[in-house]
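Taking it in order: structure first as structure tokens, then the write-up.
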Amino acid sequence: MQLKDVISVLENIAPPELAEDFDIGRIGLNLDLQNDIKKIAVALDPTEYVLNRAAMIEADLLITHHTLIFHAVHSINKELADSLKIALDNGISLYSMHTNFDKAKGGINDALANRLGLSDVQETPIGRIGSIAPCSVETFVNHVSKSLGTHIQFTGSKDEIKKVMVFGGSGFRSEYIDTARSYGADAYVSSEIKHDIIRSYSDMLLVDATHYATENPGMQDLCPVLADRLGIDVEFIDHDPLIKTL
């Protein structure tokens, strides 16, 4: 399959115009080798491990959520050079779908809501909100940890959790949690919680389920969709940073 035909499908799944302004110029085809595509690899991040694994399985295209190059490059350090060398030596084009895939139907936030078993899910300006069978804080946080296969941090107290808002990735910002509050959410699930947020939103249960675990399900769920639409082999590469806790 020609690369341009794969890109057309990807842009149908996550239209570039959905992306936040800061993503302009960063999403899409980041490394275009104009190659034919027989196998695709999918991962959250284009780490050296992921690139080497993509080379090992002879992937022609690596699709990631986060781009290999986020800031403008005026000089190339060894880490970036090594990563680019793997891609170039093995004929792997690179494509990223970031905030456009966060917002897209069936994307990062829908996948997260689905993993947590939310029902009656609604789109909000920046995430998804849905309902869950009424439960205690303890029951809910254990459910989040088990469903996403990750350690978590949580703060705040509620008598009962019934309505939950999710935001994959780094979502502990006041304007986002204010949206959750305006929708009547009892709990907000995202990652990278900050001290000022903890102090300002003690009336809600705030669950930090890590950046990787809140976004990874969306990339995993993308694989069967691509395989079905393209009719070619698609393999997910899991590379959790495995941050240790004591």
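Relative protection proxy for 205-211, 239-245, from highest mean packing down: 205-211, 239-245 (other beta-carbon atoms within 10 angstrom).
Evaluated over the Cα positions of the stretch 3-102, the convex hull gives a direction-averaged projected area, one quarter of its surface, of 6.1 nm². As a ratio to 2.2 N^0.38 Å, the alpha-carbon radius of gyration computed for the stretch 131-170 takes the value 1.15.
Taking a ≥ b ≥ c as the square roots of the eigenvalues of the alpha-carbon gyration tensor, the stretch 105-214 is classed rounded because a/c is under 1.5. Only protein heavy atoms count here; on that basis, with a 1.4 Å probe, THR139 has an accessible area of about 80 Å².
In this entry, the stretch 43-157 is assigned a mean projected area of 10.0 nm², taken as a quarter of its C-alpha convex hull surface. Surface exposure of the stretch 120-246, expressed per residue as accessible area with a 1.4 Å probe, stands at 50 Å². Surface composition of the chain: carbon plus sulfur atoms contribute 49% of the solvent-accessible area (1.4 Å probe, protein chains only, all chains present). Between amide H atoms placed 1.01 Å from N, distances below 5 Å from GLY171 occur with SER191, all of them 5 or more places distant or on a separate chain. Within the same chain, lysines fewer than 8 places from LYS244 are excluded, and of the rest, those with a Cα less than 25 Å from its Cα are LYS146, LYS194. A simple count of charges around ILE86, restricted to other residues whose Cβ falls under 15 Å of its Cβ and scoring Lys, Arg +1 and Asp, Glu -1, yields -4. Normalised by residue count, the chain yields a Cα convex hull volume of 137 Å³ per residue.
Send over a whole-number figure in Å² for the accessible area per residue of the stretch 3-102, probe 1.4 Å. Computed with neighbouring chains in place, this is 50 Å² per residue. Residue by residue, the stretch 96-108 carries 3J(HN,Hα) couplings of 10, 10, 9, 5, 5, 7, 4, 8, 5, 4, x, x, 4 Hz when phi is fed to the Karplus relation 6.51 cos²θ - 1.76 cosθ + 1.60 (θ = phi - 60°); x denotes Gly or Pro. Per-residue accessible area (protein heavy atoms, 1.4 Å probe) orders LYS194, LYS85 as LYS85, LYS194, starting from the largest.
The values are calculated or read from the model by the stated rules, or taken from the named source; none is laboratory data. What you are looking at is a predicted structure, and each value in this text was computed from that prediction instead of being measured. Note that each Cβ is placed from the backbone with ideal geometry, even for glycine, and that neighbours are counted across all protein chains shown. Note: areas computed on protein heavy atoms with side chains; ligands, DNA, RNA excluded. Shrake-Rupley method; radii C 1.70, N 1.55, O 1.52, S 1.80 Å.
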